[in-house]
Structure formats: C-alpha cells, structure tokens
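Dropping a structure here in structure tokens format, bear with me for questions.
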Number of protein chains: 2
Amino acid sequence: YVDLVEIKDAVQNGEEIDRSRLHSVLRELFMHRFRSLSRVHVDDTGVVLLQGGTVKHMYSTDTEHLFRQEPYFHYLFGVDEPGCYGAHDIRTCQAFLFVPRPSPDQEVWMGPVRNLTYYLQKYGVDEVHYVDEMATVLKQMAPPALHMLHGRDSDSGRGMPLAHFHGISDFQLERSGLFVALTEMRVFKLDMEVEIMRYCARVAASAHIRVLQAVRPGMYEYQLESLFLHDIYSEGGCRFSPYTPIFGSGPNSAVLHYGHSGAPHDRRIADGDLVLADAGAEYYRYGSDLTVTFPANGRFSPRQRVVYEAVLDARRAVLAAMRPEVCWTDLHLVAEERILAALTRAGLLVGDPAEQVAARLGALFMPHGLGHFLGKQTHDVGGYVAGRFRERPTQPGLDRLRTARILEPHMVLTVEPGCYFIPALLEPALEGGPLHRFLVPEEIRCYMGMGGVRLEDDVLVTNEGCEVLASLPRAVEEVEAVMAGADWMVV
Amino acid sequence: YVDLVEIKDAVQNGEEIDRSRLHSVLRELFMHRFRSLSRVHVDDTGVVLLQGGTVKHMYSTDTEHLFRQEPYFHYLFGVDEPGCYGAHDIRTCQAFLFVPRPSPDQEVWMGPVRNLTYYLQKYGVDEVHYVDEMATVLKQMAPPALHMLHGRDSDSGRGMPLAHFHGISDFQLERSGLFVALTEMRVFKLDMEVEIMRYCARVAASAHIRVLQAVRPGMYEYQLESLFLHDIYSEGGCRFSPYTPIFGSGPNSAVLHYGHSGAPHDRRIADGDLVLADAGAEYYRYGSDLTVTFPANGRFSPRQRVVYEAVLDARRAVLAAMRPEVCWTDLHLVAEERILAALTRAGLLVGDPAEQVAARLGALFMPHGLGHFLGKQTHDVGGYVAGRFRERPTQPGLDRLRTARILEPHMVLTVEPGCYFIPALLEPALEGGPLHRFLVPEEIRCYMGMGGVRLEDDVLVTNEGCEVLASLPRAVEEVEAVMAGADWMVV
Ligand SMILES: [Mn+2]
Ligand SMILES: [Mn+2]
C-alpha cells in the first residue's frame, strides 16, 4: 500500500494546504453565489458573521475535550483555534478574523503567544482583530445587516445556535438566506477539497489494509480499532477519526452503530467470524468513511461468500450507474434489487426481485440508506434543503435515505450497500406478515448468526460518471490474498 | 515490562471488577457517613438522587462524542450507559437504577436490547426501572427530601448542573450536604479502588516504556502520542486517556499544557532535544497521570543532566517526606528548595536556597503546584472544600496548588516536581525586579532553549509513608539503559 511516511513530512498541520488560496476562493465563490441568491442590491447585503467553536469541558471538571472546529466556520476560514469569529463583507469580499485576546499567563501554559500578524499570514484574511474589538470593527463597516447562520441539520434534526457576541444588539440581524446558501455550496467540492478528501480516504484505506493483515482469531475487536487509529495518526497525521469507528465481529457485524459505550468492541474475535470494519480518517476537518468486511481467519466460508458477493454485486452495479442526472433513490433501489436477486439465487428468498423491491423487502436486509454526502461532516449537509429539492421518501427503508437528490458533478457521497441478518427485524418477518411470502425460513436461519456485510467507498461524481477516491481490495480473491500477506497499492 | 497481554483477558469491560461489591460497599460507607454528617434523625434524611451523563453531539451534527460517564454517578453506581439516574435510599441503603426505555428501532442500530434484569445483575442494585417511571417509584419511597448534588469544582471553578427529571417539582429538594459529603468521601480510596488505579498506572507506565524504546530523532511528536495511545488501548484495554496527552520536544517541553489544538504535537523531534511525555490511562473511569522526561537521542547532555537531576532530587526528597500529617504545601516547598539548591550548585543561581524559597524564586522555575488528587478525575475533587480545610494560599506559585491539605492515609496524589526555562517568565526576571539578585544571567541563558523537565508519579499515602503505584526508570542511568533496549519491569 501507499507509503504514507513519504508524504507525511508535507502534511503536518495542513502545511501542504494553501489555506489562503483555498479559503479565499471559497469566500469569493460564496460572495457571488450569495449576491445572486439574495436578489437584492449588493450595497444592501452586508456582512456574513460566523462564530467558531469553543473549548468544551468534561462535565464540571477542568478536563478539556480536544478541540475540533465548527464545520461551517472552518469551511470559510480554515481556523484551528477555539474562540474565534469570522466576518466576510459580501460587498467588498474582504475577510476579517477575530481572535481571543491572550490572557497574561497564556504563554506559560499554552505556548508562545501569537501576534495578529501571525494569524493574518496563516489564514490569509484581510484583517485580524481581537474579539473584544469586534463590535467596534463591525460598526465601522456599517453593514445594512449581519447575515447569521440559522437552520437545522437534516441528519440530526438539530438546530444551530445563533452566533452571539458582546454588542450584537446594535446590529440588524438577517437570519434567512445564509444557511441555505452556505449549506448548498458545501455540497459541491472544489478540486482542492477533493484532493484533501482523497488524502483522508487513502490514509484510512491504508489503515484498513494494516488491520486486514494483522487480524487473527483470538484478538479483541478493540485491538483492531486501536491499530486502525494508530495507523491513521502515526502514518497519516490524522489525530481524529471523523466518527467512532465500528469493528464488529460475528453477530456484532449486524449492529449498525456497534462500538458505542454500551457495546464497546469488547468481543473476542472467533475463528469463523466475519468482521465488519467501518472507520475513516479526518484531515483538515474533512473526513473519509470506508467499510471493509472480511473473514477473521482469512478465508470466506461458502455462506459468507454468498452474502459478501451479493453486496459486492450491488456495489458494482451502483458504481456503474452513478453519474450526473441519476437520482440517489434510484441507486438505492438498484442496490436492493441486486442483493435480493443474489439471495434469491442462493435460495434464501423466492419470487421476482422487482416485486420484492416494490414490496420493500430490501429494508429487511439493508435497513439503512445507500449512503450520504461526505465532507466536513460524516453525514455532510445538504441532503434535504427545505423546499428546494425532493423531500424525504416515506416508504420503509427509503425513509432512511439521507438524501433523495439528483446527482451532479462535484458531489462526494459514500456508496455503502449492506446485507445483514438482524434478528430483531427478521424474526418477526419469519413469523408472518406481508413479506413472509418471499422468505425461505429454513435457509435464512442458517445465516442468522453470521451478522452482516457492508462495503463502503467514498465516491466523487464526475462529469461522465464517478470516481472512487481510494481503492481497497474488494473481490473475494483480493481480500483473501491481502489477508495472506500480499501487497496492496492504495490508489 | 509487565506483560499486559496476560492479564488483558480478565480486564475487558471491567469484568474483573466486582462492580456489585465495590459499589455496594461505597454506598454503604456513604450512607453511614451521610447520616453522621447530616445530624438529623435518620427518617428525615431521605433519598440521594444522582443524574448520569448524556450523549453529546459535535455541534449541530449527528456525530456523537464517545460517551464517558459523569464521575460522581459512576462513583456510586458504576454505570457505563448514558441517560441513566441512580437513587440511594439512605434510610434503608437500597439502591435504585433508572435506565432509558429502549426505542423501537434501538436493536437494529445499537445492538441487543437489555432487559431490566440485565442491569440489575450487572450493577448489583436492588431495583431497576425505566426513567419514565422514576417519579412514580420515588413517590412510593416517600422521601422527606431528595438530596441533590450542588457545588463547585475547586479546580475548574465550574458548578455542577442540578439533576432534573420529569416530575421533580413534586419533591422537596435538599441541596446542601450531599456535594460536600460525597466529594470528601472520594478523596479516600478503598483498596478496591487503589487496585484499579494501580492497573491504570501500570498500563500507562508500560506504554511510556514502549515510547522510550521507540523514539528516534526525526520522528514527529504526534507519533509518540499515537504509539502511547495505541499501547494503552491495545495492550491494556484503556480506550481513553484521562486527559489530552502532552508530548513536547525541545522548547515545547516547557509549555505546560502543550498538545492542545493550537499546538498539536506537530514538531519534528531533533537530535539533542529533551522530550517531556505526560500521559495516563483510563480504566473503569479511574485514571493515571505519569510524566517522564528523556533525551531524544538516548543520552543526556551535561546541562540536561543538571536540570534532570535537580528534579530527580526533588522527587526523592518529596517521596521520602510524604506521609500522614504532613501538609501538602510543605512538600511543595521541599521540592522547590531541592531544585533551587541544585541550580545554585550548578551556577545558575546565587544565594541561600531557603532565602530563595522565601522570596518565591521557586515559582520562576516551577510555576505549577507539586501535584493534585487523582481518581475519577485527573484533578480529582476535594482539594479545597469550602470552610472545611486550609484555604488556597496566596503567595506566587503556592496559589497554583490544587490542594493545601494535611495528608491522610488512602489519599492518592500525583507528585510532579518540574523545572522549566520558560522565556515568558525568565526574560523579564533577567531584566530586573526582586528576584534578579538570585540569577546568573549568562548561565541561565545557556539553558534557555532546553525546555523543561517534569517527573510525575501517582502516589498512595499509606499509614507509615507512601507508595508509588507504578515504577518507571527514573535515574539517569536507568533511563539511558531502557532507551538503549534494556528490559524494565513495571511493578
Ligand atoms: Mn457511512
Ligand atoms: Mn498531573
């Protein structure tokens, strides 16, 4: 696999990223977009104001959580430090950064105090001031309004808190427009952003290869998580995984959000287990999100191979069909159809796959959506934007889709078909109900303890089709060869 | 060093910990303590109510932070899962646990739904109910009052939010008493708690040894952090470090809170650097906190040795004097005196060490306190309890002490003397001021780029003296031998 040590020297602390260029291009694009969207005279638009994240503590203790910047603020300004604000004058395209004034003993505890010029050069903005000067500086800009982020994340359903600073009551606030415009812009990645995301995907793919070559029956699941995290950090400089990794063995591979505090990767991996590893790497606040599924002992059993190849066929079909103007919902149905067809061929189901799909049988084996936008958030923004694109579908399974949009170039999405044997879903269906007529209970019961298979790639929509950002061993023979020690070049 | 793999099988998910015994002993002790403290008739005391932590999300996204339980709640109930409450009837010593009612699709996303008997057996309480039944169950207990945690952490200065649940307005709430009693009890560790803390210390010590043997000039600081975290997790089953680790090389070794998001371990370690590594391991919500300082190339330079042995002598002197009835403030002064005496012998200072200490010269080289209570928080509770023990001193340096208490058996504290060359402190003093008369500027300037040295141990106060919970190589010869590949047995 790719020797990340070679490029590691260049990637520390985002040094290889031309922050100034990336964010000034983003801000300029945004200015044009916002002007055309707002449909008012340029002089009446004013100033965009974003508040960065602040340091959080563990309960009432003085233990700080390691800081990660708020995604919208990082998108326009690229700032690492907590407690900052950014303003962007969309009349002049000038960018202002406001940083906290250092406390007297900060140098002793936190390291050299940076002057304002340091931030000006690092972040390529036009002016830097202290946060306590913000009201004064903003007043001098005399904006007709401050445009504020105000909206709701369509994956979490949670609203963003409104930015606040001392003196804000002296300004006219405009809550409409900014959230939708900035959210929609984040859906389409610049080439520079894609390059960073490609790096995130390669680092994670290399770590997955490392895990594939290290796993042995008898290890604990958490040892795989530990090795993965070590590899992305030590080899790739990625201090965070974008989400809590999932390393589920045996029946745990069918628990979609396995790995949380109530199910903390504490199972000992057994010979004959399937292992599902869903883990990514975060760099410059962008993330990757990759899943591999493999047999702990290095050889797929015949039944494991049936399920694996059903998902693999779905993956191939989706990637072949993924291009601009295709609707994401239709690709989800393609994946369902391929999985159900394979299970039918293998004798677990009866009936016509098209009819099975129409009856929503797919949701019994793949109860999650085909994938999601990917970027500065794992479930990136823009999946549903109120009143602008297709609404969330309501049929079983499709209601889990994180977007139902028509694909366009420069979107990045995960493609993650899966097939799981989840007792909580299957047992009731084996007893009766509208889907019972498609099931072959005695066959399905033979697969029940196996868990599940998911194959997840990070995919860019191109003008002609799509591009997988990092290549992993996917064919049964490839996975088995890598697990036996064969080299694998992540490209 | 100790082969943690051998004991790893027993420590997964706290299986080796007899939760039921540990927490029922803690609750019973607490009941007696609270009864005697509250000075009212037992029947009038009522029920202690604690609220556990809840899952937090990253900003408005659906990305969950990996859950860590609130320390007071974990102390009395040992519960891993979020969203729970605990009640302890101090009239009958009966313990009640309230868990969230599972949502219909929880089994698909989070794994097998546990019934109430599972929690009853796992946590050894007397009754388990759902949170939505809590008001009803508590009313049946007819408590004269619900005792609520209400107080302020003396390290963070931050108050605890009051527990809340639906129906709380039907109860008489008593905010006084509980916080002080439970805080004070947490200061004194049971043998069972010490055993867990010894494990935390050994796991961290073994990981420090691994780092000592892996470090080479040319590596990045973050690669040491990555290796440490991998070792405590993969070998010790410790998913968390209790605080953000510090791996500072060269001048960064003098930045006391190095490693945060604004200074993220991104320096390349140079030949000739000192490296200061301050990192611990968390297990069963207890933590360790250990610091080693070593030369990146494996050999101390003469000047590095001067500073290192000054701190080493302070460590020896403190551990020799640490016993019940000694005041922590006096041990801090012992450390200062030894460090200043060594710097005087080496020609960096002039004057009488006792006079230097009285003039508060110590704070120029060690601007932090000698150590802190350790337990379920890194800076554990009980350092200052309003109106009950010695107040926080006000002299320079001593005002940083996290406690000024008289030592008693079963306390666990860190002992962490340090000596740093911090330009922000030393440069002004070299220019003039009351401490200038003690300084030999031309000598001190030779040490200025070196950074600093800290040696930190986790120490139990015993009846006769004290016990270091995990042994690290400390003598110059020991450190150099281990770095050259010699075995080290952590005991
Ligand atoms: Mn995903
Ligand atoms: Mn400490």
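Among the residues of the stretch A:421-446 satisfying the criterion of being away from chain B (no Cβ under 14 Å), open to solvent by less than 40 Å² (accessible area, probe 1.4 Å) and under 35 Å from the mean Cα position of the chain (by Cα), which is nearest to A:LEU274 (Cα to Cα)?
The residue in question is A:ILE444.
List every residue pair whose Cβ atoms sit under 7 Å apart, with the two residues 6 or more apart in sequence or on different chains, where the first one lies in the stretch A:265-281 and is at pLDDT 95 or above and the second, anywhere, is within 16 Å of ligand 1 (Cβ to nearest atom) and among the acidic types (Asp, Glu).
Filtered contacts from the stretch A:265-281: A:ASP278/A:GLU456; A:GLY280/A:ASP289.
Tally the residues that are of a type in the set (Gly, Ala, Ser), more than 7 Å from every other protein chain (Cβ to nearest Cβ) and under 19 Å from A:ALA214 (Cβ atoms), restricting the search to the stretch A:225-262.
Qualifying residue count, the stretch A:225-262: 7.
On to the next question. Any residue at all in the stretch A:431-449 that's within 24 Å of A:TYR72 (Cβ to Cβ), away from ligand 2 (no atom under 16 Å from the Cβ) and not in a loop (DSSP other than H, G, I, E, B)?
no
OK, next. Quick check, is A:PRO367 free of Cβ contacts under 8 Å to residues at least 24 places away in the same chain and more than 16 Å from ligand 2 (Cβ to nearest atom)?
Details: free of Cβ contacts under 8 Å to residues at least 24 places away in the same chain: no; more than 16 Å from ligand 2 (Cβ to nearest atom): yes.
No.
While we're here: Going by the conditions given, is A:ALA214 at pLDDT 95 or above, hydrophobic (A, V, I, L, M, F, W, C), closer than 21 Å to A:ARG285 by Cβ and touching a helix residue (DSSP H, G or I) at 6+ places or on another chain (Cβ under 8 Å)?
no
More than 16 Å from ligand 2 (Cβ to nearest atom), of a type in the set (S, T, N, Q), in a loop (DSSP other than H, G, I, E, B) and under 21 Å from the mean Cα position of the chain (by Cα): is that true of A:THR403 in this structure?
Considered against the rule, which asks whether it is more than 16 Å from ligand 2 (Cβ to nearest atom), of a type in the set (S, T, N, Q), in a loop (DSSP other than H, G, I, E, B) and under 21 Å from the mean Cα position of the chain (by Cα), A:THR403 comes out as yes.
Which members of the stretch B:276-296 meet the condition of being open to solvent by 10 Å² or more (accessible area, probe 1.4 Å), in contact with a Lys or Arg (Cβ under 8 Å, 6 or more places away or on another chain) and away from ligand 2 (no atom under 16 Å from the Cβ)?
Matches in the stretch B:276-296: B:ARG285 only.
Which residues, taken from the stretch B:183-216, are away from every other protein chain (no Cβ under 14 Å) and outside any helix (DSSP H, G or I)?
B:PHE188, B:LYS189, B:LEU190
Against the definition (surrounded by 24 or more Cβ atoms within 10 Å (Cβ to Cβ) and of a type in the set (Val, Ile, Thr)), how does A:ILE232 come out, yes or no?
For A:ILE232, the condition - surrounded by 24 or more Cβ atoms within 10 Å (Cβ to Cβ) and of a type in the set (Val, Ile, Thr) - is met.
Here are the criteria: (1) assigned to a loop (DSSP other than H, G, I, E, B); (2) open to solvent by 20 Å² or more (accessible area, probe 1.4 Å); (3) under 27 Å from B:LEU413 (Cα atoms). Tell me which single one B:VAL180 does not satisfy.
The number of the failed condition is (1).
Filter the stretch A:371-396 down to the residues that are over 14 Å from A:ARG152 (Cβ atoms) and away from ligand 1 (no atom under 16 Å from the Cβ) and list them by number.
Matches in the stretch A:371-396: A:PHE389, A:ARG390, A:GLU391, A:PRO393, A:THR394, A:GLN395, A:PRO396.
Another question, then. Scan (1) within 14 Å of chain B (Cβ to nearest Cβ); (2) open to solvent by 10 Å² or more (accessible area, probe 1.4 Å); (3) within 30 Å of A:ALA320 (Cα to Cα) for the single condition A:GLU416 breaks and write down its number.
A:GLU416 satisfies all of (1) within 14 Å of chain B (Cβ to nearest Cβ); (2) open to solvent by 10 Å² or more (accessible area, probe 1.4 Å); (3) within 30 Å of A:ALA320 (Cα to Cα) except (1).
Residue by residue through the stretch B:191-224, note down the ones that are closer than 20 Å to A:ARG239 by Cα, of a type outside the set (A, V, I, L, M, F, W, C) and out of contact with any Gly (no Cβ under 8 Å at 6 or more places or on another chain).
Just the residues of the stretch B:191-224 that are closer than 20 Å to A:ARG239 by Cα, to begin with: B:204, B:207-208, B:210-211, B:214-215, B:218-224.
Narrowing further to those that are of a type outside the set (A, V, I, L, M, F, W, C): B:208, B:210, B:218, B:220-223.
Listed by number, the residues that qualify are B:HIS208, B:ARG210, B:GLY218, B:GLN223.
Against the conditions (1) buried (at least 23 other Cβ atoms within 10 Å of the Cβ); (2) within 16 Å of ligand 1 (Cβ to nearest atom), where does A:HIS368 fall short? Just the number, please.
(1)
The values are calculated or read from the model by the stated rules, or taken from the named source; none is laboratory data. On a predicted model such as this, the values are computed, not experimentally measured, just so you know. Note that each Cβ is placed from the backbone with ideal geometry, even for glycine, and that neighbours are counted across all protein chains shown. Protein only, heavy atoms only, side chains kept; ligands, DNA and RNA dropped before computing areas. Shrake-Rupley method; radii C 1.70, N 1.55, O 1.52, S 1.80 Å.
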